[in-house]
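The values are calculated or read from the model by the stated rules, or taken from the named source; none is laboratory data. What you are looking at is a predicted structure, and each value in this text was computed from that prediction instead of being measured. Every residue, glycine among them, receives a Cβ derived from its backbone with ideal geometry; neighbour counts consider all protein chains shown.
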Amino acid sequence: MLDYSEPVAKLIDEFKRLPGIGSKSAQRLAFYVLRRPQAEVENFASALLEVKAKIVFCSVCNNLTDVDPCLYCSNPKRDRGIICVVEEPYNLVAVEKTRSFRGLYHVLHGTLSPMRGIGPDELMLANLITRLRPENNDGVEIREVIIATNPTTEGEATANYIARLLKPLGVLVTRIAMGMPVGSDLEFVDEVTMDKALANRHAI
């Protein structure tokens, strides 16, 4: 960054810290910010500070929220007998878009990854166990825990770990089905997806 003045180089370095942003993308973002009006940049900076100041983890499900408990956990119309476990808050949003799931959520904020030094203690798992007791769930007994981690190596390892953890407690543990996405062509489906699709086949 020797070609840029110190403030610009510093801004580029900060953008490079963001996930998926390399040197060229960081430079484009920095110069985009420089071209914007002062008021827009101030609004952007204010939004960053506000989200850090006001957003917290829900004490029940670990979702990101500005009220505790979050809107899902405090909604009396949700089915408190079913918990859907997801990796990240944006996975929760993907499930909600279906408008078919009316239970509660539990956000792990990551997956098991020994290669990156992420073990069970690094995930937000501890309060999931306590939620299974009716006295910690408004007197409602949990009927099912749906594990909706991503179909990756880490996601599968996390799902298997949670299943082994919960099954001795007598709760039904299920995994979301995986396989052929709607609208796809068999010709372009990889062997792992095809294997999952065959394994999860059902009668019609």
Quiz item: With respect to the numbered conditions (1) surrounded by 13 or more Cβ atoms within 10 Å (Cβ to Cβ); (2) closer than 28 Å to I176 by Cβ, which one is the sole condition not fulfilled by F31?
Solution: (2)
Quiz item: When only residues in region 148-204 that are exposed (fewer than 11 other Cβ atoms within 10 Å of the Cβ) and at pLDDT 90 or above count, which is nearest to A94 (Cα to Cα)?
Solution: R164
Self-check item: Residue count for region 39-65, restricted to those that are acidic (D, E) and closer than 16 Å to L92 by Cα
Solution: 0
Practice problem: Please go through region 9-32 and pick out each residue that is assigned to a helix (DSSP H, G or I) and touching a helix residue (DSSP H, G or I) at 6+ places or on another chain (Cβ under 6 Å). | Solution: L11, I12, F15, K16, A26, Q27, L29, A30
Quiz prompt | Residue count for region 183-204, restricted to those that are within 18 Å of N150 (Cβ to Cβ) and assigned to a loop (DSSP other than H, G, I, E, B) | solution = 4
